[in-house]
Each structure stands twice: as C-alpha cells, then as structure tokens.
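The values are calculated or read from the model by the stated rules, or taken from the named source; none is laboratory data. If you're wondering where the values come from, they're calculated on a predicted model, not measured in any experiment. Areas reflect the complete protein model, heavy atoms only, side chains present, ligands, DNA and RNA absent. Shrake-Rupley method; radii C 1.70, N 1.55, O 1.52, S 1.80 Å.
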Amino acid sequence: MKLKATIIVASLLAATAAHAETIYLKCWAQGLAGDQRTSVYINEQVTVNLDEKTMQSWTFGSNLAVHVTDRHLFFETALTLGNIWQNLFDPTAVWQGFINRVDGTLKAHKRDGTVISGHCQEQPKRLI
C-alpha cells in the first residue's frame, strides 16, 4: 500500500511540474550605466515562471517579481528576504522594466540611472 501511495504522490508531483508554465526568452539589450560613460550590453537567457510570477536573469537578478498582462511582462527586483539587504543598503541595484509580449521590446532601468532597451525572443520549451 505504501508503494502505491508513493507512486500516486510522485505522479501528482510530476503532473504539477509539467503544468508549470515557464517561458524562456533570449534577450539582447544595450544602454548606458548611471554614470552615463559606461555602456551596458546584455545577451542572455531569461526564464519566466508564469505560475509563480517570477523571473530569473543573470543581469537583472534571480528574484524578480513579474506582473503579467496580455501585452506585457512587468518586472522588478522582488522585496524578498534574500534581497532585503540589497534594497536597504544598495537600492541603486534594484531593476524595474517590462518586456512587450507582442513585439518583444525590452526596456529596463535601475535607480542609479542605468537605462537599457532591446529585444527578447521566446525560445522553444526545454525538454528535461
């Protein structure tokens, strides 16, 4: 009976994980840092979990909150326990921005004046 229950629980977990809607975006962007002398370039994979409303990015951070609309993915550095020190002691590192889901336009800025703009393209779903 324990084996049967374990198999059922494992099947439910696998089904739940399979239904998690995650999109993968390849993003390119450029702009100027807050000091307006340094160029900023981005060429990376961005992962957006639509169910959890989170985004992971090497540039923007690993704990971004996402607000999803039909047309946009609005994102900002989430105020989480892991990021609380960053928000308190280095608020200039906090990102905010959006990705237009229709045409792929990316625009983002930091509190230190860094501004970037670019483009994102959805990538095929990964097979695990």
key: Area accessible to solvent at residue 51, 1.4 Å probe radius, in Å²   = 90
ask   = Accessible area, 1.4 Å probe, largest first: how do 57, 117 sort?
value = 117, 57
task = Round to the nearest 10 and report in Å² the accessible area of residue 74, as given by a 1.4 Å probe over the protein chains' heavy atoms.
result = 80
query = Long-range amide H contacts for residue 54: which residues qualify at under 5 Å (H placed 1.01 Å from N, peptide plane, sequence gap of 5 or more or a different chain)?
reply = 49, 66
